[in-house]
Amino acid sequence: MMKKANVAIDGFAGSGKTTVAVELARQLELVYLDTGLMYRAVALQCLREGLDASQEPLLAELIQRLDLKMEVVARPHPTCRMLLGSEDVTDELHDPRVGGLVSKVAACSAVRRDLVARQQAFAERGGVIMVGRDIASVVLPEAELKIFLAADLAERARRRALELASKGKHLTEQEVEAELSLRDRLDSERADSPLVCVEGARQLDTTGRTVAEIVDEIAGWVRCGSV
Ligand code: DC
């Protein structure tokens, strides 16, 4: 059987990557993996152990012994759950304390090397839609379709504040905006695999557009075989 195409989605925090990817995975029957959750799970473990995340050797030692499992399901809804040992920690991964630490963890090359290898092994089967910051540039440079999503900072903050509120976490848009813009800067300026829009990626600005519009546009490219 022909291997299905892999789709890489990168972009700034709050640009709509997750929402768009989940809907595309559903419509196109792709397996969805949110790689941000993997970095968040490492950050959570760091917090739990009280490790100083600016000490790279400590992170390198942690990632070697970390028992992280990705439980990815396509049906009835595409979703990813992260397990540390046998504990499902997914619901803790959007805690602002994890958000505050994760860029530091994601800047560590030993952590990136380990997680990238797992992500590449995961995509070998084909038919995967993977979301992150370095998917087109590092993890899946051969992906058949590469998408880079962007949106205005104010709109991204509004979306993220709503999402957090739906999970019972109430922050002002200003607070979320400050966190997002710091994270944008750290993710774009780090030395190892910074967020970039690679040549050949299709760039979409989601500001003022609905999820359905964006999904239709991307699904159209896949369906008409223009990827
Ligand atoms: O998408 P997110 O906000 O859950 O990502 C969490 C952090 O992990 C973010 O600071 C960027 C980083 N990340 C990364 O460096 N590479 C990825 N492939 C995915 C996320």
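Nothing in this text is a laboratory measurement; each read-out follows from the coordinates by a stated rule. Owing to the predicted nature of the structure, the values given are computational and were not obtained by experimental measurement. Here the Cβ is made from the backbone with ideal geometry for all residues, glycine too, and neighbour counts use every protein chain on show.
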Along segment 40-48, Karplus-curve 3J(HN,Hα) (6.51, -1.76, 1.60; θ = phi - 60°) to the nearest Hz, with x for Gly and Pro, reads 5, 5, 5, 4, 4, 5, 4, 4, 4
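For the chain, what Kirkwood radius comes out of the mean inverse Cα-Cα distance, in Å?
Details: mean 1/r = 0.0560 Å⁻¹.
17.8 Å is the Kirkwood radius here.
Over the chain, what is the mean sequence separation of C-alpha contacts under 8 Å (at least six apart), divided by residue count, expressed as relative contact order in percent? Before the final figure, lay out each step's value.
Values: 357 pairs, mean separation 72.9, N = 227.
Over the chain, the number comes to 32 percent.
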Label point 7 Å beyond Cα of Thr210 along Cβ direction - residues of segment 153-188 with amide nitrogen under 18 Å: 159
Sum up the charges of everything whose Cβ sits under 15 Å from the Cβ of Arg125, counting Lys and Arg as +1 and Asp and Glu as -1, but leave Arg125 out. -1
Cleavage-rule hits, GluC sites (Glu not before Pro), segment 110-191, DSSP coil, Cβ neighbours within 10 Å at most 11: Glu124, Glu142
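Is the shape of segment 93-227 best called rounded, prolate or oblate, per the rule: a/c under 1.5 gives rounded, else a/b larger than b/c gives prolate, else oblate, with a ≥ b ≥ c the square roots of the Cα gyration tensor eigenvalues?
Working: a/c = 1.88, a/b = 1.19, b/c = 1.58.
Note, shape of segment 93-227 comes out oblate.
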Of all DSSP beta bridges located in segment 20-144, what percent are antiparallel, nearest 5? 65
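Within the set Lys4/Lys167; Lys146/Lys167; Lys17/Lys167; Lys146/Lys169, which residue pairs have Cα atoms separated by over 27 Å? Write out the running numbers ahead of the final one.
On the way: Lys4/Lys167 34 Å; Lys146/Lys167 30 Å; Lys17/Lys167 18 Å; Lys146/Lys169 32 Å.
The answer is Lys4/Lys167; Lys146/Lys167; Lys146/Lys169.
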